[in-house]
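Colleague: Here it is: the structure, laid out below.
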């Protein structure tokens, strides 16, 4: 970390700041140039608050040589992390497709979809039991009952389960859920991040609608700094001025995150586009961009789905997508 | 609510949909036009899920005559809501300034600032005890100890307290806090909204960085639908491509929210701009746009603040701002 | 086009509006429903100004059944347009790669790059002679001299040329340029669009930084309505809050534009990301999303480029990209 | 300007770069620190291309001490510029309201509006003769005939005229237009900027929908670097995700631009909001934020306007706005 001081800084001010850095356990190397004094900070600077230091009167600029995230940072962990979810591996060359309905709606629905997507090549089953909805009057999910139906689908198909949590107090219900999803709206719900960071469950962390890649990695760091290193990052579209698609899928996030971090990156083209017929091309594009996996909404009767039906594929459409994605993956090697 | 059917809809499909609407307790008036069949829905349509209906195969478009928010809606509550916080009134012509530091840092700091802003005309004291920070390694607030220091400042100055909550499990600590703030990152933390909706505390709800005005009102509706109607809305800047200011303060939100809702609207120019010298002009602009109040960051030693020092005013700068805002308010009547 | 009237509209107002529509050459079918009166407009409604009609006091809503673009619209032209540029075909299954430096800088540079990219599989040569630069003090291109150097490269390699125009008065210089590029900043320079629409040159129209897909198609319509139907659309990134990449490449635009329009769609990952090492993955993703071509910046000495060096590939890097894209294309069929 | 070199830069590379800077007429001071070598550049660095230098292999970062705009920069011109338009002064404490219809539509219309707004306190008359429209099929303005009608209104009322130019070839028609407007879509039409920079007309430069404040100032610099220093900047809303208003009016731009530049800043709340009833509150807010003037759309029959009728005020509404803004201005002094 480098701190550039303003020209007018007095010796007394400089010494006060240097002393403060030393109290934080850092070594400070002073480099007096003709134009500016630069303090080189060596040690664990992740605990230094950029904004605080940057706002000091004598500081002109502050520049991190190392990013403020450490456990999520590829610099300190050059090899890809491979997350193992009950035998399904993701990352480091392992590609996994998570598929299933937006919401669990009934026993018949979840079993039919689970069997359909398994046959078509999905390796994990997703299904929402607790649903974050913009309106308090919209369907909020089957809650505990939905979790039970997912467990039944797991028992029948053997597929690991992915489901979203909205409240740390519900954690006891997620005992048999293999991957806990943190939704886009909760990406900076720091209390929830800390809570799942204290478990040993794999966490699928979705990027917030208006969050930068750096912020996504800082949120992963919240989970990891509590001891849980099983984090999968998920790009699912950001909010822009364009209204043709629900959100704008930022596929550049895939190579960018793979460069900045060692964590696996999956892409959710269903929520990003909100349009069923765009899911296949964007899934193929995500695979070609280097994603480690996909998250695809599949419903046995998309036109009757209780939420997000517009963006769901049928099992047959999903099977075609999975096949085309497989071919793209082959072409890449 | 009006549902426009597609041209090719069969009688059977139409009847099935009509029956479903009736099961939701609505009266359905069918209007067969030359081009399109329109279903007029009468009754409490707030419980109808737009996305669900809109995704049905036979539905061309769905149009709400009434917005999906009811309790926050000015149509059903034409007079301004006046929120009374321990004798301090806001809304309906009552203007209130909330001032104080971003974070509570020490007894000396909070008492000095509290007395300074009270003397300058602030009517409520703000101070963060629980701080949402992007990095897990940044200062997270004094937590319970910070709440105690706020209580001490209240005891000395008589000013009502405003402080942010991040976890419903902390509610017991907020007994003496008069206004519970929901921060921008938690605007769609629906579980937290429901929890504060079950209390009788006034809630100050900040707009999320990437949330529309309609979404802000839907989040207010989450609180109000649990029974708590004491909600103050807060515009604090949205995320755009412009980087000169930290965020882009959307002052159009003030007249827009006042038109759509009866709830009081305050503006936080400190977080929106992130630059101390821009706080005064934007505070004046907010007052001129018709805001019911302001939320201003004040620190006794801005250059030493543990967070957000760059945007804090000194008590003296705040006193000048309060005086200029007072003159703007006079000019408006 | 359907115009929905407000409930309170008087007979006199209705008749006045109907008469006005008829004066525009449209047939008006009146459909009186129980809730609303709907005017169905038949004829060439592209000339009806939505905003004008929508702002009339008695109009509740206006809804186009047909989009306001006609010549660019796939509905009226279901087969893909194949643009033929001096024997290089693009669209309708024909994939073309346009490669070359951001700016023409010297004879040696353009010839070396031209030969390099030709050998690696590029089918057209790009090179800027007139450069739109944010600052008046930055390098503005070699102008007429740059065009001459491009012509020389064409003579040596046989590759068709793509170059940007900024001023209709320069058209005479573009006689030997095969594809005239309209840059993102000029996407709504309507006078320039009309001017190139009067030529018979192929036009490559780049999406503006803050323009919707519909606006891009309306700008294509400006060109086509002057008689020039040889238009290639280009996605090159939009401006969002994310700062890691220069812009955010919106690959959803590819399937969206292919659905809305019959025109070929190419993607420029170099300008979108601004980072050389992200060009290959995003080029592959663009191909997998269904793009008809790519536009790639290549420089013989990227570190010495007079503009945009950061995003340029070397000819060797480009050769690898072209090979990997070829494999993706094969996997798609 | 400071150039920070990477650690591994060789002596040969350093010397080559230093020599190149010297060839650009700059003095180079080398400052070897323990961590980094810094080159301090003294002289006219506005001609140095940041991107070019930043992309060199040995350069780690480049930091301007002075901004790349010079003539528009307050640092080199500390006093406010006062633009004098035929006796109407704007800037440096002088406040001016420009009012009139979006488009000139008829003699009766422009004369009636001109007299109405003059009586209500407007000091300049605006009216579009050449209209940039998204669709080639929408009304494009009365063109030369519209200019003649504006001249007639000027003859009758004495008010200076403001009108938009879209093509440098039309400049001869603007002889009697006092202020030439460059619209948002043409803010980076650099050829047009240079053309108006060669005239001695006052130029009103609107901020582009997706342009930063720095880019706006660079565009002003394009005009000024050609010799024309009579530039008025105009904030008119930027494009964001919010759809309630047409665009998002960024009033922070007012104090920001006043700090960065000496040029007058006006605000156009009509185009920004697109909603007539929001124009007055946002006009008042703009005045309170410190704007030097306003640009307001007024139409004698807003419901019949050929474009943008939704956002036009009647002359009576405008008179009320002008009176309320006058009171805000008084309260500020």
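The values are calculated or read from the model by the stated rules, or taken from the named source; none is laboratory data. From a predicted model like this one, the values you see are computed outputs, not experimental measurements. FYI the Cβ positions are ideal-geometry reconstructions off the backbone, even for glycines, and counts take in every protein chain you see.
Colleague: Any idea which of (1) free of Cβ contacts under 8 Å to residues at least 12 places away in the same chain; (2) over 19 Å from residue B:233 (Cβ atoms) is the one residue B:189 doesn't satisfy?
Modeller: Of the numbered conditions (1) free of Cβ contacts under 8 Å to residues at least 12 places away in the same chain; (2) over 19 Å from residue B:233 (Cβ atoms), the odd one out for residue B:189 is (2).
Colleague: Just wondering, is there one or more residues in region C:88-107 that are without any contact (Cβ under 8 Å) to a residue 12 or more places away in the chain, over 18 Å from the mean Cα position of the chain (by Cα) and either more than 14 Å from chain B (Cβ to nearest Cβ) or closer than 25 Å to residue C:293 by Cβ (or both)?
Modeller: As a first pass, look at region C:88-107 and keep what is without any contact (Cβ under 8 Å) to a residue 12 or more places away in the chain: C:89.
Add one more test, that the residue is over 18 Å from the mean Cα position of the chain (by Cα), and what stays is none.
Scanning region C:88-107, I find no residue that is without any contact (Cβ under 8 Å) to a residue 12 or more places away in the chain, over 18 Å from the mean Cα position of the chain (by Cα) and either more than 14 Å from chain B (Cβ to nearest Cβ) or closer than 25 Å to residue C:293 by Cβ (or both), so the answer is no.
Colleague: Still on this structure, I have one more. Looking only at region A:145-171, count how many residues are out of contact with any helix residue (DSSP H, G or I) (no Cβ under 9 Å at 6 or more places or on another chain) and either within 13 Å of chain B (Cβ to nearest Cβ) or under 23 Å from residue B:218 (Cβ atoms) (or both).
Modeller: 0
Colleague: Of the conditions (1) closer than 30 Å to residue A:277 by Cβ; (2) part of a helix (DSSP H, G or I), residue B:117 clears all except one; give me its number.
Modeller: (1)
Colleague: Do you know which residues across region B:194-210 are under 11 Å from the mean Cα position of the chain (by Cα) and within 12 Å of chain A (Cβ to nearest Cβ)?
Modeller: Step one: list which residues in region B:194-210 are under 11 Å from the mean Cα position of the chain (by Cα), which gives B:203-208.
B:207, B:208, listed by residue number.
Colleague: Within region C:111-128, which residues are in contact with a strand residue (DSSP E or B) (Cβ under 9 Å, 6 or more places away or on another chain) and more than 17 Å from residue C:174 (Cα to Cα)? If you could, list the steps in order and put the result at the bottom.
Modeller: Filtering region C:111-128 down to residues in contact with a strand residue (DSSP E or B) (Cβ under 9 Å, 6 or more places away or on another chain) leaves C:113-114, C:116-118, C:120-128.
Across region C:111-128, the qualifying residues are C:113, C:114, C:116, C:117, C:118, C:120, C:121, C:122, C:123.
Colleague: What residue, of A:181, A:140, is modelled with pLDDT under 95 and within 23 Å of the chain's Cα centre (by Cα)? Can you show your working first?
Modeller: On the way: A:181 fails: modelled with pLDDT under 95.
The conditions single out A:140.
Colleague: Mind checking whether some residue in region C:237-249 is buried (at least 24 other Cβ atoms within 10 Å of the Cβ) and in contact (Cβ under 8 Å) with a residue 60 or more places away in the chain?
Modeller: No, because not a single residue in region C:237-249 is buried (at least 24 other Cβ atoms within 10 Å of the Cβ) and in contact (Cβ under 8 Å) with a residue 60 or more places away in the chain.
Colleague: Among the residues of region D:121-144, which ones are away from chain C (no Cβ under 12 Å), in contact with a helix residue (DSSP H, G or I) (Cβ under 6 Å, 6 or more places away or on another chain) and either part of a loop (DSSP other than H, G, I, E, B) or free of Cβ contacts under 8 Å to residues at least 12 places away in the same chain (or both)?
Modeller: Within region D:121-144, D:121, D:127, D:129 qualify.
Colleague: Right, another one. Can you spot a residue in region A:23-32 that is within 14 Å of chain D (Cβ to nearest Cβ), at pLDDT below 80 and surrounded by 14 or more Cβ atoms within 10 Å (Cβ to Cβ)? Reasoning before the result, please.
Modeller: Residues of region A:23-32 that are within 14 Å of chain D (Cβ to nearest Cβ), as a first pass: A:27-32.
Within this subset, residues satisfying the condition of being at pLDDT below 80 are A:31-32.
With surrounded by 14 or more Cβ atoms within 10 Å (Cβ to Cβ) added as a condition, the list becomes A:31.
Checked against the condition, which is being within 14 Å of chain D (Cβ to nearest Cβ), at pLDDT below 80 and surrounded by 14 or more Cβ atoms within 10 Å (Cβ to Cβ), region A:23-32 yields at least one hit.
Colleague: Ok, one more. Could you go through region A:38-48 and let me know if any residue there is touching a strand residue (DSSP E or B) at 6+ places or on another chain (Cβ under 7 Å), in a loop (DSSP other than H, G, I, E, B), surrounded by 14 or more Cβ atoms within 10 Å (Cβ to Cβ) and within 14 Å of chain D (Cβ to nearest Cβ).
Modeller: No: zero hits.
Colleague: Next up: Among the residues that make up region D:56-72, is at least one of them closer than 16 Å to residue D:266 by Cβ and either surrounded by fewer than 20 Cβ atoms within 10 Å (Cβ to Cβ) or in contact (Cβ under 8 Å) with a residue 60 or more places away in the chain (or both)?
Modeller: Checked region D:56-72: at least one residue is closer than 16 Å to residue D:266 by Cβ and either surrounded by fewer than 20 Cβ atoms within 10 Å (Cβ to Cβ) or in contact (Cβ under 8 Å) with a residue 60 or more places away in the chain (or both).
Colleague: Next up: Identify all residues within region C:96-112 that are crowded, with 19+ Cβ neighbours inside 10 Å and either in contact with a helix residue (DSSP H, G or I) (Cβ under 7 Å, 6 or more places away or on another chain) or over 21 Å from residue C:268 (Cβ atoms) (or both); write none if there are none.
Modeller: From region C:96-112, those crowded, with 19+ Cβ neighbours inside 10 Å are C:96-105, C:109-110; that's our starting set.
If the condition is that a residue be crowded, with 19+ Cβ neighbours inside 10 Å and either in contact with a helix residue (DSSP H, G or I) (Cβ under 7 Å, 6 or more places away or on another chain) or over 21 Å from residue C:268 (Cβ atoms) (or both), then C:97, C:99, C:100, C:101, C:104, C:110 are the ones that fit.
Yes or no, residue by residue, for (1) out of contact with any helix residue (DSSP H, G or I) (no Cβ under 8 Å at 6 or more places or on another chain); (2) farther than 19 Å from residue A:77 by Cα; (3) touching a residue at least 60 places away in the same chain (Cβ under 8 Å):
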site	(1), (2), (3)
A:202	yes, no, yes
A:207	no, yes, no
A:217	no, no, yes
A:228	no, no, no
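Colleague: Can you name the number of the only condition in (1) touching a residue at least 24 places away in the same chain (Cβ under 8 Å); (2) in contact with a helix residue (DSSP H, G or I) (Cβ under 7 Å, 6 or more places away or on another chain); (3) farther than 23 Å from residue B:229 by Cβ that residue B:196 fails?
Modeller: Of (1) touching a residue at least 24 places away in the same chain (Cβ under 8 Å); (2) in contact with a helix residue (DSSP H, G or I) (Cβ under 7 Å, 6 or more places away or on another chain); (3) farther than 23 Å from residue B:229 by Cβ, only one is false for residue B:196: (3).
Colleague: Taking residue B:147 and the conditions (1) in contact (Cβ under 8 Å) with a residue 24 or more places away in the chain; (2) in a loop (DSSP other than H, G, I, E, B), which numbered condition does it fall short on, given that it satisfies the others?
Modeller: (2)
Colleague: While we're on this one: Output the residues belonging to region A:1-37 that are part of a loop (DSSP other than H, G, I, E, B) and under 21 Å from residue A:67 (Cα atoms).
Modeller: Narrowing region A:1-37 to residues part of a loop (DSSP other than H, G, I, E, B): A:1, A:6-10, A:24-26, A:33-36.
Once the filter is applied, which keeps residues that are part of a loop (DSSP other than H, G, I, E, B) and under 21 Å from residue A:67 (Cα atoms), region A:1-37 yields A:1, A:24, A:25, A:26.
Colleague: For region B:59-86, give me each residue that is more than 14 Å from every other protein chain (Cβ to nearest Cβ), assigned to a loop (DSSP other than H, G, I, E, B) and under 18 Å from residue B:222 (Cα atoms). Steps first, please.
Modeller: If we filter region B:59-86 for residues that are more than 14 Å from every other protein chain (Cβ to nearest Cβ), which is where we start, we get B:75-86.
Next cut, assigned to a loop (DSSP other than H, G, I, E, B) only: B:77-82, B:86.
Across region B:59-86, the qualifying residues are B:77, B:81.
Colleague: Still on this model: How about region C:218-333: which strands (runs of 3 or more DSSP E) wholly inside it have at least 2 residues that are within 12 Å of chain A (Cβ to nearest Cβ), under 14 Å from the mean Cα position of the chain (by Cα) and modelled with pLDDT of 95 or more?
Modeller: Result: C:265-267.
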